[in-house]
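Remarks on the structure that follows.
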Amino acid sequence: MKRRISFALLALAIVRVVAPVDAAEPAPGNVSVSAAWARATPPGMTVAAVYLTLTAGSQADRLVGAATPRAAMAQIHVVSETAGLARMRPTAGVEVPAHSSVTLAPQGTHIMLMGLPRPLVAGERVPLTLQFERAGKVGVEVAVRAPDAAPLAAH
């Protein structure tokens, strides 16, 4: 009986040592990206918005740009409301504090894709490269959802 318990404890210790770090937790100084999604666009629509969650490790970082081969241009945009009127405008970046997450979501900060040569189709996965001040370029795949689908949850 003691051998079984000892073997089980040894096996557990080995698994703990060699098990990969949880992918949702970024390495110190890095940023991880999760729950990246966009809504499918109707024919003729040349713009779309991408939403996602950014999580920083032990160092703060700043999202400063984005690019995708699926659009002529990608910009970080912020939505603000003044006197009941919503306005969308480009912004220079998004701060991601150390040990924190920031979610880019509908009616708020998002990545605007402009100059889409063809619509985004539900089920499609769109490559997106995010540019950070510290972490550099981080690639992610954006899940295209049906227009009425619920947003993806962050892990």
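Taking the criterion of being touching a residue at least 24 places away in the same chain (Cβ under 8 Å) and either assigned to a loop (DSSP other than H, G, I, E, B) or not hydrophobic (A, V, I, L, M, F, W, C) (or both), the residues of segment 62-85 that qualify are Arg62, Gly65, Thr68, Pro69, Arg70, Ala71, Ala72, Gln75, His77. Residues of segment 138-154 include none that is touching a Ser or Thr at 6+ places or on another chain (Cβ under 9 Å) and farther than 17 Å from Trp37 by Cα.
Screening the candidates Ser58, Ser32, Ser80 for the property of being farther than 14 Å from Leu130 by Cα, small (Gly, Ala, Ser) and touching a strand residue (DSSP E or B) at 6+ places or on another chain (Cβ under 8 Å) yields one hit, Ser80.
Met88 satisfies every condition listed in (1) outside any strand (DSSP E or B); (2) within 23 Å of Gly44 (Cα to Cα) except (1).
For segment 119-132, the candidate set comprises residues that are surrounded by 12 or more Cβ atoms within 10 Å (Cβ to Cβ) and over 16 Å from Ala92 (Cβ atoms); within that set, the residue that is farthest from the chain's Cα centre (by Cα) is Pro119. Looking only at segment 58-87, residues that are at pLDDT below 95 and either surrounded by 17 or more Cβ atoms within 10 Å (Cβ to Cβ) or under 22 Å from Pro147 (Cα atoms) (or both) come to 3 in all. The single condition among (1) more than 16 Å from Gln131 (Cβ to Cβ); (2) of a type in the set (A, V, I, L, M, F, W, C); (3) touching a residue at least 60 places away in the same chain (Cβ under 8 Å); (4) part of a strand (DSSP E or B) that Leu52 does not meet is (1). Each residue in segment 114-128 was checked for being part of a strand (DSSP E or B) and more than 12 Å from Ala40 (Cα to Cα), and 3 pass.
The values are calculated or read from the model by the stated rules, or taken from the named source; none is laboratory data. These numbers come from a predicted model, not from an experiment. Note that we place each Cβ from the backbone using ideal geometry, even for glycine, and neighbour counts take in every protein chain shown.
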